[in-house]
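Undergrad: Sending over a structure as structure tokens; questions will come in a sec.
The values are calculated or read from the model by the stated rules, or taken from the named source; none is laboratory data. Please read all numbers here as calculations on a predicted model, not as lab measurements. Every residue, glycine among them, receives a Cβ derived from its backbone with ideal geometry; neighbour counts consider all protein chains shown. Note: accessible area is taken over every heavy atom of the protein model, side chains too, but ligands, DNA and RNA are not part of it. Shrake-Rupley method; radii C 1.70, N 1.55, O 1.52, S 1.80 Å.
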Amino acid sequence: QVQLVESGGGLVQAGGSLRLACASSGRSFSTNVMGWFRQAPGKERAIVATINCSGTRTYYADSVKGRFTISRDNAKNTVYLQMNSLKPEDTAVYLCNAFNPTTKRSLWGQGTQVTVSS
């Protein structure tokens, strides 16, 4: 069964940086649109960024534009989220998602905690 495994979360001071990674065990990674979402306590899951199959198009939520960068390495079956200038309001569990636009199947990782202290 295909799995997504996130890593790279942790505790960082405001203004700091973290790099999240999400590794896929599947062989069809390059056919999936990949995305990062986050969920803070008491809040709904929200989209952070997405990247298309080839890595040529990206989308960012307004709240992270200019601070976060999503990228992917299809040879390594991995998607990354570089997070700079972190703010306390970025504190959340960050989840990786793989979406196949042909089969409409969606797969989630287990999440990684990011905590930004003020």
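Undergrad: Accessible surface of LYS87 in the full protein assembly, 1.4 angstrom probe, to the nearest 10 Å²?
TA: 80
Undergrad: For q values of 0.14, 0.16, 0.24 Å⁻¹, compute log₁₀ I(q)/I(0) with the Debye formula on a Cα-only model of segment 1-79, without solvent.
TA: The calculated log intensity ratios at q = 0.14, 0.16, 0.24 Å⁻¹ are -0.51, -0.66, -1.30.
Undergrad: What residue among PRO88, SER24, ALA75 has its Cα farthest toward the positive end of the dipole of the chain, where the charges are +1 on Lys, Arg and -1 on Asp, Glu, each on the Cβ?
TA: Result: ALA75, furthest along the dipole toward the positive end.
Undergrad: Between beta-carbons, use under 14 Å as the cut-off and find the net charge around ASN97, counting Lys and Arg +1, Asp and Glu -1.
TA: Its environment carries a net charge of +4.
Undergrad: Right, something else. How high is the FRET efficiency between ASN84 and SER54 when r is their beta carbon distance and R₀ equals 22 Å, given to the nearest 0.05?
TA: Result of the calculation: an efficiency of 0.35.
Undergrad: Using the basic label-point model (7 angstrom from Cα toward the beta carbon), what is the ALA61 to LEU11 distance in nanometres?
TA: Placing both labels 7 Å along Cα→Cβ, they lie 2.4 nm apart.
Undergrad: For SER118 and SER25 in the same chain, what is the full-extension length gain: residue separation times 0.36 nm, less their Cα-Cα distance, in nm?
TA: Full extension from SER118 to SER25 adds 29.9 nm.
Undergrad: With a 1.4 Å probe and every protein chain left in place, work out the accessible area per residue of segment 1-109 in Å², rounded to a whole number.
TA: 55
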